[in-house]
Amino acid sequence: MISNSTQEKITNFILSLLVVVGVFAVLAYFFDFFYDINDDMVIKDILSGAYGGTPDGHTNQMLYPLGLALSMIYRILPGFPVFGLFLCGCFGLCFCMIANRVLEFFKKDKVKIVTILLLVLIFLSLMVWELIYVQYSVVCGVLAGTACFWFYTTSFGSSVGEFWKKNIPALLLVWLAFLVRSEMLLLTCPFIAVVGICHWAEATKIEIENYTDVGQKKIWKHVLSKNNLWKYIGFVVALLIGMGAALGGDYLAYRGEGWQDFRGFFDARTDVYDYTWYPDYEEQQAFYEENGISEIQYRLIDNYNFGLDEDITDNTLETIASYGERPKLYGSMQSRMKYAFVNLIKRTFSLQDAPYNYFVLAGYGLVVGLAVIQKEKKYTWKLILLLIMRCIPWMYMIYVQRAVARVIHPLYVVEFLILLAILVKELYDRPLWNVEKYYRMVVAGVLATIAIISLPFGFMKAEAEQNRREQVMVNQQLLDSYAKSNPENFYFLDVYSTVNFVEKMFKDVDNSRKNYDLLGGWICKSPLQKEAFGDYTEAETIEDAFLTENIYFVAEKSQDITFMEDYYETKGKNIRLEEIETVGEGENPFVVYSVIEKTSVNKKVGKKTIKN
């Protein structure tokens, strides 16, 4: 026979799965799921083989061990939405683990059912956008937040073996988060440290309470006891070993020919576009001329089509980054720090980050209320520590002008999950007196109210974005069909013409090789890009490739394409752009151009031969 404890675990697990099913079923009924931005789509294309023809783990965004694993699954299931399922599966895993841990604190079935309904409502309202428009940085943040929640709610006073057994899931979640997006995981480390310190302090307190005579020295003796060191320091060491192994595997994977140079270029490109920006050419012409950067190179950097010029290297971008103007926008370091702090306070209380900040503010308020009811001083130092540590990633992101939604939203989620863990652990894992029982209902009521109020706005915002993306996809899909109907050709796309490109995760999945690529973008100048167009031409560079028979340039009709002729002129080549096809609907369709060198005798255009 199944014991009562086993039966309860099975029940909790089934109910936890219902939370996941409920969240995704509601969203799937109303919406399609999309990759959020270009980064996610290119990662998917690389992993699936749609980019270079063969599934590859060199995504340069996720660490290679994870990329390798996903690319191998694509080799087995080439037509399957592996990356989309992985990202959504990570969300589902986190929701299931959080729900399962919360349900462990309840015994009555009615309470369990109400709890799972509340969790479904909270997850939907808090993350409706992120669950529909999926971004891998957000996935990393949610994995880290779930690890924090799991670790904090682990019971105290267990042996070293029991401690490790109970917290292996948290360890694995942090490792997985690091593989998904190492930079994002590092931003959440201050929150992970808060959870570790709080748990260590509580465990030490329980240990001390078992002794009658405890002086100041003996307190530290218990803090640094052998058991505690094996638990907490050991946990940190295990985290570092796993992260180090992941970085080691990634380093070895990118030692191949061309990858080291590309990673240097990638880092320099990131500095220029994401952090420092670049000065205007007319205003800083002397700087550009002094460093050998021509006006046409500036224009290629400005319109992101830098892949056309092989002479734009990591040194070029590093020079620009060192002179970038964004760090100077707010003057001295002191004034910038002041700006970052003021902006942090404003954002925490404004509608700009709703409902994420409102869930966090409610969490702080409810923990303060719990401290008043229980007359416990321990909440004071915990909340102060959390407030201080939250400022580290927030101040940094505002300071460097990178407080974008895909970074700050997961930071809010991590913080909220820690506050929720405090409430769950402190309010439900103990005998309660009447006031505390009523306070349970207050907690549930406050969170449910915020969720109910914010959910309709979240759905309306998501629906508007869905409609916009459906419109964008019309011409995008026509261009894709056009390119695939001419499989002997390869097309380079103007970057600004593709900024709105989107792709659904599970509908109309097509992992077949694409015979087009951006003329810039974050994978530009990588060995993978050379493989992508290398089968279509013997030319070594994009500049030379355009002058061969089956390589074409594509841009929206409204885009300024004069940079092409101006660039080739600086190379001593006289070219013209021959319009050979218009693809798309509306006032701004795509135009396919053949790059024709005027001194040449002929060049194949589509299926025609144009003679000059």
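The values are calculated or read from the model by the stated rules, or taken from the named source; none is laboratory data. Values in this document were obtained by computation on a predicted structure and should not be read as measured data. Here the Cβ is made from the backbone with ideal geometry for all residues, glycine too, and neighbour counts use every protein chain on show. When the accessible area is computed, the model is the full protein with side chains, heavy atoms only, and any ligands, DNA or RNA have been set aside. Shrake-Rupley method; radii C 1.70, N 1.55, O 1.52, S 1.80 Å.
Which sequence of Trp277, Trp230, Trp164 reflects their accessible areas, 1.4 Å probe, from the largest down? Let's see the in-between values first.
Values: Trp277 85, Trp230 150, Trp164 60 Å².
Descending order: Trp230, Trp277, Trp164.
At 0.36 nm per residue, minus the direct Cα-Cα distance, what do Glu578 and Met333 gain on full extension? Give it in nm, one decimal, please.
In short, 83.1 nm is gained.
Would you mind getting the accessible area per residue of region 387-464, heavy atoms of the protein chains only, 1.4 Å probe, in Å²? All intermediate terms of the calculation are to be shown ahead of the outcome.
Working: 3380 Å² over 78 residues.
Averaged over the residues of region 387-464, the accessible area is 43 Å².
Can you tell me which of 29-38, 288-297 comes out highest on packing, and rank the rest after it, using the mean Cβ neighbours within 10 Å?
Descending mean neighbour count gives 29-38, 288-297.
What dipole magnitude, in Debye to the nearest 20, does region 314-420 give about its Cα centre under +1 on Lys/Arg Cβ and -1 on Asp/Glu Cβ? Please list the in-between numbers first.
Numbers: 13 positive and 6 negative charges, 79 e Å.
Dipole magnitude for region 314-420 comes out near 380 debye.
Placing +1 at every Lys and Arg Cβ and -1 at every Asp and Glu Cβ, with all other atoms neutral, what dipole size does region 376-505 have around its Cα centre, in debye to the nearest 20?
Approximately 660 debye in magnitude.
Taking 41 Å as R0, compute the FRET efficiency from the Cβ-Cβ separation of Asn315 and Lys484 and round it to 0.05.
Working: r = 38 Å, r/R0 = 0.92.
Calculated value: 0.60.
Could you point to the residue in Thr54, Ser71, Phe91 farthest towards the positive end of region 1-119's charge dipole, with +1 and -1 charges on the Cβ of Lys/Arg and Asp/Glu respectively?
Going by the charge dipole, the pick is Phe91.
Where does each of 143-149, 10-16, 173-179 land if you order them by average Cβ count within 10 Å, highest first? Mind dumping the intermediate values first?
Details: 143-149: 28.7, 10-16: 15.9, 173-179: 23.6.
Descending packing order for the listed peptides: 143-149, 173-179, 10-16.
Averaged per residue, what accessible area in Å² does region 59-187 show with a 1.4 Å probe, protein chains only?
Working: 4240 Å² over 129 residues.
That works out to 33 Å² per residue.
Zone of Asp32 (label point 7 Å along Cα→Cβ, backbone N under 12 Å): which residues in region 474-508?
474-478, 502-508
How much FRET efficiency would the formula 1/(1 + (r/R0)^6) give for Leu247 and Ile76, where r is the Cβ-Cβ distance and R0 is 35 Å, rounded to 0.05?
E between Leu247 and Ile76, to the nearest 0.05, is 0.85.
Tell me the label-point distance for the pair Lys226, Glu470, using the 7 Å Cα-to-Cβ offset, in nm and rounded to one decimal.
6.7
With charges set only on the Cβ (+1 for Lys and Arg, -1 for Asp and Glu), what does the dipole of the chain come to about its Cα centre, in debye to the nearest 20? If you can, show how the numbers build up before the last one.
Details: 58 positive and 69 negative charges, 808 e Å.
Once rounded to the nearest 20, the dipole reads 3880 debye.
Of the cross-linked pairs Lys9/Lys375; Lys346/Lys382; Lys231/Lys425; Lys461/Lys525, which ones have a Cα-Cα span greater than 31 Å in the structure shown?
Checking Cα-Cα distances, Lys9/Lys375; Lys461/Lys525 exceed 31 Å.
Between Lys507 and Trp164, what FRET efficiency comes out of the Förster formula 1/(1 + (r/R0)^6) with R0 = 51 Å and r the beta carbon distance, rounded to 0.05?
0.75
Based on the alpha-carbon gyration tensor of the chain and its eigenvalue square roots a ≥ b ≥ c, which shape applies: rounded if a/c is under 1.5, prolate if not and a/b is larger than b/c, or oblate?
prolate
Positive end of the charge dipole of the chain (Lys, Arg +1 and Asp, Glu -1 on Cβ, about the Cα centre): tell me which of Val19, Phe156, Ser350 has its Cα farthest that way.
Final value for the positive-end residue is Phe156.
On the accessible surface of the chain, probed at 1.4 Å, how many percent belong to carbon and sulfur atoms?
Values: 16610 of 27830 Å².
The C+S portion of the solvent-accessible surface of the chain is 60 percent.
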